[in-house]
Amino acid sequence: MTTYGLLIFDGAEELDFVGPWEVFTASSMLRDQADTAVLVAERPDPVRCNKGMRVLPDHTLGDCPPLDVLLVPGGRGTRREVGNAVLTRWIGAKAAETDWVTSVCTGSLLLHEAGPARGRRVATHHGFEDELQARGDITVVRDARYVVDGDLVTSQGVSAGIDMALWLVGRLHGRDHARAVRRYIQYEPAPPYLADEPLPN
């Protein structure tokens, strides 16, 4: 059984955690509900995300169960939360207890502040690469949708989190299983932007 914990906070980018949530829960469904995914926030109140979606957490930082995987999303809220010592201390402590630490987009900023991304190779949103690199003690990889560095898996913006989550379930449960999850959620981004193509007659 794998327990996935997805951190949320005001200003978190919706698809940064909802995309991986879909992968993790579809994976669990295909494994006869073998796994659990939970949303974790600092407080039990509804979280107002980056585009306005309101989400209820399952747990607070204080009552979060043991996790196998921690996911930290990005979004405008990361710029505020990087100064939230309660949150960054929790990320650092929880990361030390999990098998895998992951982020999407500017979630890498919180992982850097909390410690797990220090001295590591990471991916982040293309618009944030220079700013993150300038913080020091980190190597930003600019040409990969996700980067694996030991037990740390970081990804570029928004949809790249789905790629990262599929890689992770493949690592945990096998490539054939990851392919089954991808097929179930019909994630087949090739070509990635069909609006450029002429409509069929």
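A few notes on this one:
- Rounded to 5, percent antiparallel among DSSP beta bridges of the chain: 25 percent
- Our helix-only sum for the chain, with -39,500 (n - 2.57) per DSSP H run of n ≥ 4 divided by its residues, gives a mean residue ellipticity at 222 nm of -11000 deg cm²/dmol.
- Descending by average beta-carbon neighbour count within 10 Å, the peptides 112-119, 3-10 line up as 3-10, 112-119, the highest first.
- Put simply, the Cα atoms of region 1-83 extend 38, 25, 19 Å along their principal axes, the longest span coming first.
- Protection proxy ranking, peptides 99-108, 157-166, 74-83, average beta carbon neighbours within 10 Å, highest first: 99-108, 157-166, 74-83
- Distance between the 7 Å Cα→Cβ label points at V86 and D99: 3.1 nm.
- Potential lengthening of the chain between D143 and S159 amounts to 4.3 nm, from the contour at 0.36 nm per residue minus the alpha-carbon distance.
- Relative contact order of the chain, taken over Cα pairs closer than 8 Å and 6 or more residues apart, is 20 percent.
- R79-I185 pseudo-label distance in nm [points 7 Å out on the Cα-to-Cβ vector]: 2.8 nm
- Remark: the A134-H177 segment gains 11.6 nm on full extension, using 0.36 nm per residue and subtracting the alpha carbon distance.
- Karplus (6.51, -1.76, 1.60) ³J(HN,Hα), θ = phi - 60°, over region 87-100, in Hz, Gly and Pro reported as x: 5, 5, 5, 5, 4, x, 5, 5, 4, 5, 9, 9, 6, 9
- Accessible surface, per residue, of the chain when the full set of protein chains is kept, probe 1.4 Å, Å²: 49 Å²
- Pairwise centroid distance, computed over Cα atoms, of region 22-80 with region 128-164, Å: 20 Å
The values are calculated or read from the model by the stated rules, or taken from the named source; none is laboratory data. Computed from a prediction, not measured in an experiment: that's the story for all the values here. Virtual Cβ from ideal backbone geometry, glycine too; neighbours counted across all protein chains shown. Heads up: the accessible areas ignore ligands, DNA and RNA and are worked out on the full protein's heavy atoms, side chains in. Shrake-Rupley method; radii C 1.70, N 1.55, O 1.52, S 1.80 Å.
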